[in-house]
Amino acid sequence: MLEKKYIIRRKLEQQTPIIHFQHDQKGATLRATEVKPKLDTFILSKTGTKKAEDCGWFIKDTKALNYKLRFFIENYNENNVKISKSGDLDIEAQKLELNGESNRAKAIRDQAKNEINAMYFANMVSSKKNGVLVDLDEYASDVKKQYKETVFYSKKSPIIMEIICFIPTLRDAIEKHLEEFFIVHNFGSRQSKGFGGFKLLPKDNEKGRSALEILQENGYQFFYAACRTNDVSALMNHAMIVYAILKGGLNMTGWDKNHYKTPNNYIKGYIQRRFISDAFENGDQIGGDKAYIKRYKRVPHNFIIHENRKHSDSENQYSEYKFMRILLGMADHYEFHHIHQGNVNVYSLGETGYDVQRFRSPITIKILEGKIFFVFDVRSLQLIAGKRFYFLLNKREQQELLGLNQYAQQKAYIQQKGISIQVPEIGSAEMKILIEKFIKYFNAEKTKLRNFAPRYQNTANIILQRGNINE
């Protein structure tokens with residue numbers, strides 16, 4: 001048996017559901033194969049690679065730190081874990097649909113959507129092919145292959161983390177930074193949106209520090225909201241709404257023939273509408289990517305824009321435009337959806353291949369101790385700051401591009417047919433402005449949420465606050 005001095009054994013308390021591809025396996029929780037590389041990177045960011053090399057922390061010629069890590073559930077009890085059932089519900093709905101019970105099927109599908117917070121929307125399998133309902137066996141097979149579910153353990157079943165390390169200096173470094181590591185990292189799918197959050201519990205007879213203290217002490221850029229509830233679903237819903245207002249905005253105006261039903265039920269997305277003028281010199285003369293697309297996209301001849309539906313951006317002739325939306329992340333297939341004109345594909349062109357094809361949001365949402373934290377990683381913006389992207393606006397052009405096999409041909413075609421837009425240069429100074437101004441913007445606009453659907457109304461009661469206000 002190993003001596004205790006070689007083992008770090010700590011308890012973790014799950015804070016938010018983790019989206020897990022092995023949800024159907026008993027004891028599914030954090031995976032060492034995901035956590036260890038992140039922990040290695042975090043430790044090295046704190047200590048420096050040179051120290052790690054000098055102290056012999058690496059495994060042979062690799063850049064992996066020399067320790068073993070595993071997770072397991074203490075006192076596993078199936079009554080102490082909640083696993084979402086969106087897949088099972090959707091299969092049941094398909095069965096009802098095939099039996100002609102469409103109304104019941106719709107109710108079951110609506111229930112399935114509520115199994116996982118709306119921040120996760122990947123559990124989708126088409127119930128029809130070529131307009132015909134898919135056979136139940138085929139549909140069930142597709143669901144089982146594609147769906148992930150959330151796993152959430154109660155306090156009655158803490159997660160045990162066990163680290164075995166024979167290098168004293170490395171073991172000390174790991175213990176020193178473990179608490180902070182779990183404060184700023186989530187795990188599993190959609191981790192930047194708050195899923196997969198865990199908290200390192202203090203050792204017996206020790207008092208832990210609060211998440212707010214740790215973030216302040218280590219100089220993180222963040223804002224947060226202290227909420228009146230500890231209900232995880234409610235907190236994640238608040239986080240989703242705040243993030244939506246920060247990025248794309250919320251539009252609940254509705255449209256009835258020739259007029260808006262509720263024209264004031266609209267909160268503009270901050271990053272698109274306000275951040276440019278707040279953070280950049282002559283910002284009022286700079287348009288965002290949405291305005292850029294509206295300027296260049298043609299309205300089909302058979303579609304008439306009603307006077308009340310015109311947006312100021314379509315009339316505004318800015319002196320220049322910047323790609324703003326990407327500052328909060330870019331998925332594998334980044335598209336601007338336009339209901340009347342299809343999608344706009346976005347490309348980053350490198351010398352020998354497509355450059356930035358995915359950019360993770362620099363914001364990590366952390367739900368801890370009844371608070372919602374929005375923590376910014378300013379360094380990650382260096383990957384895209386100042387970079388030029390190309391938009392293809394025409395469906396025919398997008399299809400023609402797919403017919404070109406060589407990247408050199410594709411690159412030349414995109415440069416010829418596409419329109420280009422640049423990401424603004426943004427660093428710590430601009431990020432501070434974003435945080436400070438958005439807090440004011442949200443706290444001023446949030447009262448509108450009381451006129452929205454019920455799921456939005458309670459978010460009007462939260463107050464955003466600035467982290468590191470004394471810096």
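Some points to look at:
Conditions (1) of a type in the set (Val, Ile, Thr); (2) at positive phi; (3) at pLDDT 90 or above, marked per residue:
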{"residue": "115", "(1), (2), (3)": "no, no, no"}
{"residue": "119", "(1), (2), (3)": "no, no, no"}
{"residue": "129", "(1), (2), (3)": "no, no, no"}
{"residue": "145", "(1), (2), (3)": "no, no, no"}
{"residue": "153", "(1), (2), (3)": "no, no, yes"}
{"residue": "169", "(1), (2), (3)": "yes, no, yes"}
{"residue": "179", "(1), (2), (3)": "no, no, yes"}
{"residue": "182", "(1), (2), (3)": "no, no, yes"}
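- Applying the condition of being among the charged types (D, E, K, R) and in contact with a Leu (Cβ under 9 Å, 6 or more places away or on another chain) to region 162-181 and asking which residue is surrounded by the most Cβ atoms within 10 Å (Cβ to Cβ) yields 180.
- Residue check, residue 107 farther than 22 Å from residue 26 by Cα, surrounded by 18 or more Cβ atoms within 10 Å (Cβ to Cβ) and among the small types (Gly, Ala, Ser): no
- In region 450-470, of all residues being assigned to a helix (DSSP H, G or I) and farther than 20 Å from residue 371 by Cα, the one that is modelled with the highest pLDDT corresponds to 450.
- Every pair of residues 6+ apart whose Cβ atoms lie under 8 Å, when the first sits in region 217-245 and is more than 21 Å from residue 453 (Cβ to Cβ) while the second is part of a helix (DSSP H, G or I) and among the basic types (Lys, Arg): 221/432
- Criterion (free of Cβ contacts under 8 Å to residues at least 40 places away in the same chain and within 24 Å of the chain's Cα centre (by Cα)) met by exactly one of 123, 117: 123
- Within region 55-77, the set of residues being assigned to a loop (DSSP other than H, G, I, E, B), aromatic (Phe, Trp, Tyr) and open to solvent by 40 Å² or more (accessible area, probe 1.4 Å) comprises just one member, 76.
- Within region 398-444, being touching a residue at least 60 places away in the same chain (Cβ under 8 Å) and of a type in the set (A, V, I, L, M) holds for 414, 419, 421, 423, 426, 431, 433, 434, 435, 439.
- Region 78-87, residues that are assigned to a helix (DSSP H, G or I) and open to solvent by 50 Å² or more (accessible area, probe 1.4 Å): 78, 79
Conditions (1) among the small types (Gly, Ala, Ser); (2) open to solvent by 60 Å² or more (accessible area, probe 1.4 Å); (3) touching a Ser or Thr at 6+ places or on another chain (Cβ under 9 Å), marked per residue:
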{"position": "381", "(1), (2), (3)": "no, no, no"}
{"position": "384", "(1), (2), (3)": "no, no, yes"}
{"position": "392", "(1), (2), (3)": "no, no, no"}
{"position": "396", "(1), (2), (3)": "no, yes, no"}
{"position": "411", "(1), (2), (3)": "no, no, no"}
{"position": "418", "(1), (2), (3)": "yes, no, no"}
{"position": "425", "(1), (2), (3)": "no, yes, no"}
{"position": "454", "(1), (2), (3)": "no, yes, no"}
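- Within region 427-450, tally of residues that are over 15 Å from residue 379 (Cα atoms), open to solvent by 60 Å² or more (accessible area, probe 1.4 Å) and aliphatic (A, V, I, L, M): 1
- Screening residue 190 with (1) without any contact (Cβ under 8 Å) to a residue 40 or more places away in the chain; (2) buried (at least 19 other Cβ atoms within 10 Å of the Cβ) gives one miss only, at (1).
- Qualifying strands (runs of 3 or more DSSP E) (wholly inside region 338-427; at least 2 residues being at pLDDT below 90): 342-347, 388-392
- Scanning region 205-247 for residues that are open to solvent by 40 Å² or more (accessible area, probe 1.4 Å) and under 25 Å from residue 326 (Cβ atoms) gives 220, 247.
- If you go through region 146-162 and keep only what is among the hydrophobic types (A, V, I, L, M, F, W, C) and either touching a Ser or Thr at 6+ places or on another chain (Cβ under 8 Å) or part of a helix (DSSP H, G or I) (or both), you end up with 151, 152, 159.
- The set of residues from region 138-161 being open to solvent by 60 Å² or more (accessible area, probe 1.4 Å) and in contact (Cβ under 8 Å) with a residue 40 or more places away in the chain comprises 144, 148, 155, 156.
- Hits in region 313-337 - residues which are at pLDDT below 85, farther than 20 Å from residue 401 by Cβ and not in a loop (DSSP other than H, G, I, E, B): 313, 314, 315
The values are calculated or read from the model by the stated rules, or taken from the named source; none is laboratory data. Because the structure is predicted, anything quoted here is derived from the model rather than measured. Backbone-built Cβ (ideal geometry, glycine too); neighbour counts: all protein chains shown. We work out accessible area using only protein heavy atoms, side chains counted, and drop any ligands, DNA or RNA first. Shrake-Rupley method; radii C 1.70, N 1.55, O 1.52, S 1.80 Å.
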